[in-house]
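Rule-based calculations on the coordinates, nothing more; no lab input. The structure presented is a predicted model; accordingly, all values stated were derived computationally and were not measured. FYI the Cβ positions are ideal-geometry reconstructions off the backbone, even for glycines, and counts take in every protein chain you see.
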Amino acid sequence: MQQIGATRGVSFSLAGWLWADLLLGLFTIFLAASAVASASSAPRAGLDPRPLEFKIAIDGLALLSGDPVRVAAEQQKIANDVRAAVAKQAPGRHAAVVFLYGSSERAADGDKIASLAAETLTGGQFSGSLLKPYHELVAGDQGGTISFEIYFDE
């Protein structure tokens, strides 16, 4: 009789461990299934790695003139040209990061041209955008172009 009771006690002990292993296995399968479902339905967030690049012709001397009327008129022309280019090439997209490169033979003038052009790019597809003005050194150039590199939200 001793042996039958001892065998029954071992069987009950093994059944408990088998039950615990089964629950652990099911829990692991549940976690894996829910992780796959949430990964596939997660929206993509971040920046589109392909920028929109273009140049526009400007009157750099008007921007650097210091005359508020000439500066404002040139800034408005630049803003209109940029908005038209973005509406044509990337309609309905929001600009997240915008790099502006003002061309000039002097770095300080190129930076100032790009900074003045960036001042009017607010609202609409540029609301909340990061605008970074830089210079582009071009020998003999008095500020004839601004290059844009625009990264959009995904």
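With +1 on each Lys and Arg Cβ and -1 on each Asp and Glu Cβ, how big is the dipole of the chain about its Cα centre, in debye rounded to the nearest 20?
With Lys and Arg at +1 and Asp and Glu at -1, about 660 debye.
Can you give the FRET efficiency for residue 84 and residue 45, using 1/(1 + (r/R0)^6), R0 = 25 Å, r = Cβ-Cβ distance, to the nearest 0.05? If you can, show how the numbers build up before the last one.
Working: r = 28 Å, r/R0 = 1.13.
So the FRET efficiency works out to roughly 0.30.
Which net charge results when you count Lys and Arg as +1 and Asp and Glu as -1 among the other residues whose beta-carbon is under 12 Å from that of residue 115?
In short, -1.
Excluding residue 140 itself, what net charge comes from residues whose Cβ is under 15 Å from its Cβ, given Lys and Arg +1 and Asp and Glu -1?
-3
In the chain, what % of DSSP beta bridges are antiparallel (nearest 5)?
In the chain, approximately 65 percent of DSSP beta bridges are antiparallel ones.
When the helices in the chain are scored as -39500 (n - 2.57) per DSSP H run of 4 or longer and the sum is shared across all residues, what 222 nm value do you end up with, to the nearest 500 deg cm²/dmol? All intermediate terms of the calculation are to be shown ahead of the outcome.
Values: 4 runs with 79 residues, N = 154.
-17500 deg cm²/dmol, from helical runs alone.
Beyond 16 Å, how much of the Cα-Cα pair distribution for the range 111-154 remains, as a whole percent?
Roughly 42 percent, rounded to a whole number.
Run the simple label-point estimate for residue 33 and residue 17 please: 7 Å along Cα→C-beta, distance reported in nm.
If labels sit at residue 33 and residue 17, their model points lie 2.8 nm apart.
Using the charge dipole of the chain (Lys, Arg: +1 at Cβ; Asp, Glu: -1 at Cβ; taken about the Cα centre), state which of 82, 107, 63 has its Cα farthest towards the positive end.
Going by the Cα projections, it comes out as 82.
Find out how many positive minus negative residues lie around residue 104, taking Lys and Arg as positive, Asp and Glu as negative, among other residues whose Cβ is under 15 Å from that of residue 104.
My count for the surroundings of residue 104 gives -4.
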